[in-house]
Amino acid sequence: MNGAQALLKCLEANGVEMIFGYPGGSVLPIYDALLDSPIRHILVRCEQGAAHAANGYARAAGKPGVCLATSGPGATNLVTGIANAYMDSIPMIAITGQVPTSMVGTDAFQEVDITGITLPITKHNYLVKDPAEIPRVVQEAFHIASTGRPGPVLIDIPKDVLQAQCPCPDADEKPVVDIKGYRPNVKGHPSQIKNAVKLIEAAKRPVLMIGGGIIHAQASAELFELATRANIPVATTLMGIGAFSETHRLSLGLMGMHGTPYANLAISKADLLIGIGVRFGDRATGDVGKFARDAKIVHVDIDPAEIGKNADIDVPIVGDARIVLKEFLKLTPPMEQAEWMDQIAAWKQNRPLKFRTDQLTAQQVIETVGNLTRDKAWVATDVGQHQIWTALFYKFNRPGSFITSAGLGTMGYGLPAANGVQMARPDDMVILFTGDGSIQMQMQELGTARQENLPLKIILFNNHALGMVRQLQHFYCGKRYSGVKMTFNPQFSSLAEAYGIQYYHISSQEAVESTLKEAFAHPGMVMVEVAVDEQEMVYPTVLGGKGLDELIVCD
Amino acid sequence: MRHTLSVIVENKPGILTRVAGLFARRGYNIESLVVGETENPQVSRMTIVVDGDEKIIEQVTKQLHKLIEVIKISDITQEESVHRELILVRVAADASTRGEIMQICEIFRASIVDLSRNSVMIQATGDQKKIEAMLTTLRPFGIREFARTGRISMVRGSK
Ligand SMILES: Cc1ncc(C[n+]2csc(CCOP(=O)(O)OP(=O)(O)O)c2C)c(N)n1
Ligand SMILES: [Mg+2]
């Protein structure tokens, strides 16, 4: 058996069913071995698409996604996708071919130092020099990628190592992972947990601030129990959306730069903020100096380095969100918080989330899609105004069902990620909300979707603009719009036709619901283009240097 | 404030790049970094001197811990420790000054390791203060060049 065959055996032993990849010279041995492996290979159209697809797959399947690329340009094309997974803590294994060991360091054809390049954007990476190391490296990579704070791990394998003969890895006896320097702490400190619960008991205006950590730890049930028992309203970061049902009375929805008025007001007035699985990123906090000024802060996270990094913390708890929440539940009594509940209800009443209704908007379409599909669909987005409108108006109620590029804000993420989601969930409905700018960054992945017969439902908001940047120029550059008009867009109807995708068009408010219903009833892949106004803004918005309570809303 | 971190890492290629890269990327100030073998061939010890307030040092430590190959980090700044640096200095010296320079070497328990017609090379070890003091004393004679290692440290007492 050679190194490539051993690699596939080890992937198989780790539960890998499919790989998103693109071939090339240095990975020929892997592609050859794939022919005899039960692992499915999904041929993407660009390696960046492979990385995002592996990301979407990981989020929908609940296990690491795997992508594969050849050395040099194949590897560098993965970089954006790896960085994206790193920022959002998504478990992913990226495998790259490398030039033969004897040529490493000689600037050989298609040689790049991909372990060097990805050093700051991987949780860990490996350059394998001996095929006998493959079983241990693969085992460690899966362990590192999926435990603690998840993240991408890259394995770079020179071609000669893939070709070299090596013993067949024992399928029943996986190597035991023993990494001295890697022992994530999952159990929160008992006395800190007691301190946190004491604060909950004493609080008059508590708020839960929830991030992607809850989704990864599958702690939504425990979160729900805590919130409803002690009547604590729940605000989420972009990554936390869906962790708590947004149709529940305690939900405050999205917080932060484009948060709902009531989420941002509640946080600004809170006397206790309990952050779980969050990193207090700048998009969530606004100006940290003005953030939650009156609140004591409890911070629960699996990554000790996040605690105290951005915000000053009163009670730090390092641990897995689910395990820590279970401990909270043992100690937390039922609480009424009648006054605070009234205040929250009043904010929701008087400072509602709204959008203009005198013309067709993306918001209306998204809200309608939410009403039609909330209980069953997975929703991926690209990056821009349409992304934030989805976060605000879809109203998610299933943990993990909102698939977006949060930390890196990668345009082009949506389509390949949706492909990955649909591959992981072939029988479920998968919706992609995208913009005319974003879709053109990874448009080639329509080919991957069609090749795999994916019944994706694409909703494309065409405002002939890079709307989000236009909005920034509106607020920060005195309405001097530069480089944000898409003066040429393809005929998306013809594009859809070229790919054999069923095309629909919405250009009036009246057509929204009926067209969507028709499109969703179509068994195959559809594209619904929605004509929207480039002048529309994302509201609420908190400008740079402002506190969360200084938000601008739509009039 | 200046902190001395004693870091045990796995003896694997690339670990120095990972550590140095981390400092550069996150904007921490390394004053010196020395890495070398230990009694256990599987691990190396890095002695890192880094400048920063408590908050920064806490972040440095936590971020270092996230590197998979970092096994243990001790901030030994407050501990009773032995700190040593090594220096090689070439000082201008002719027949008239050589005697005085040799006396200075004796005081600092330094030794002369090379000699030429108009200079001497001096080797000295000690903590940073001692090395600085010696350099100050030698400066009037004319320091031609010097090469200096970073600090290595070990906590005192039985273990
Ligand atoms: C790869 C990448 N390049 C640039 C940006 C900056 N950027 C953020 S949103 C945006 C515009 C997105 O346009 P579109 O997809 O049409 O969405 P819209 O805002 O119009 O809804 C741009 C250029 C980015 N986030 N990602
Ligand atoms: Mg647009």
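The values are calculated or read from the model by the stated rules, or taken from the named source; none is laboratory data. For clarity, every value in this text was computed on a predicted model and none was experimentally measured. As a convention, Cβ positions derive from the backbone with ideal geometry for all residues, glycine included, and neighbour counts pool all protein chains shown. SASA here: full protein model, heavy atoms, side chains in, ligands and nucleic acids out. Shrake-Rupley method; radii C 1.70, N 1.55, O 1.52, S 1.80 Å.
Below, the figures for the structure above:
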item: Distance (nanometres) between label positions extended 7 Å along Cα→Cβ at residue B:98 and residue A:102; result: 5.6
item: Other protein chain Cβ atoms within 10 Å, averaged over every residue that makes up B:58-71; result: 5
item: Accessible surface, chain A, averaged per residue in Å² (probe 1.4 Å); result: 38
item: Highest-first arrangement of A:212-224, A:431-443, A:157-169, where packing means the average Cβ count within 10 Å; result: A:431-443, A:212-224, A:157-169
item: Percentage of interatomic Cα-Cα distances in chain A larger than 34 Å; result: 41
item: Cross-link partners of residue A:129 among lysines (Cα-Cα below 28 Å; sequence separation of 8 or more within a chain); result: A:9, A:63, A:159, A:174, A:180, B:12, B:66, B:72
item: J(HN,Hα) series, the stretch A:478-494, from Karplus relation 6.51 cos²θ - 1.76 cosθ + 1.60, nearest Hz, glycine and proline x; result: x, 6, 8, 8, 9, x, 10, 8, 8, 6, 10, 10, x, 5, 5, 5, 5
item: Accessible area buried at the B-A interface, both sides summed, 1.4 Å probe (Å², nearest 100); result: 1500
item: Carbon + sulfur, % of accessible area of the stretch B:81-155 - ligands and nucleic acids excluded, 1.4 Å; result: 54
item: Trypsin sites (Lys or Arg not before Pro) lying in DSSP loop within the stretch A:367-406, provided at most 12 other Cβ fall within 10 Å; result: A:376
item: Restraint check, A:269/A:290; A:457/A:485; A:187/B:62, Cα-Cα greater than 20 Å; result: A:457/A:485
item: Among A:525-538, B:33-46, A:184-197, the order from most to least packed when residues are scored by Cβ within 10 Å on average; result: A:525-538, A:184-197, B:33-46
item: Size of electric dipole in chain A: Cβ of Lys, Arg +1 and of Asp, Glu -1, about Cα centre, debye, nearest 20; result: 1220
item: Under the Karplus curve 6.51 cos²θ - 1.76 cosθ + 1.60, θ = phi - 60°, whole-Hz ³J(HN,Hα) for the stretch B:121-127, x wherever Gly or Pro sits; result: 10, 10, 10, 9, 10, x, 7
item: Percent accessible area from carbon and sulfur atoms, the stretch A:362-531, protein chains only, probe 1.4 Å; result: 50
item: List of the stretch B:3-19 residues, accessible area with partners at least 40 Å² below that of the chain alone (1.4 Å probe); result: B:18
item: Per-residue [θ]222 nm for chain A (sum of -39500 (n - 2.57) over DSSP H runs n ≥ 4, rounded to 500); result: -11000 deg cm²/dmol
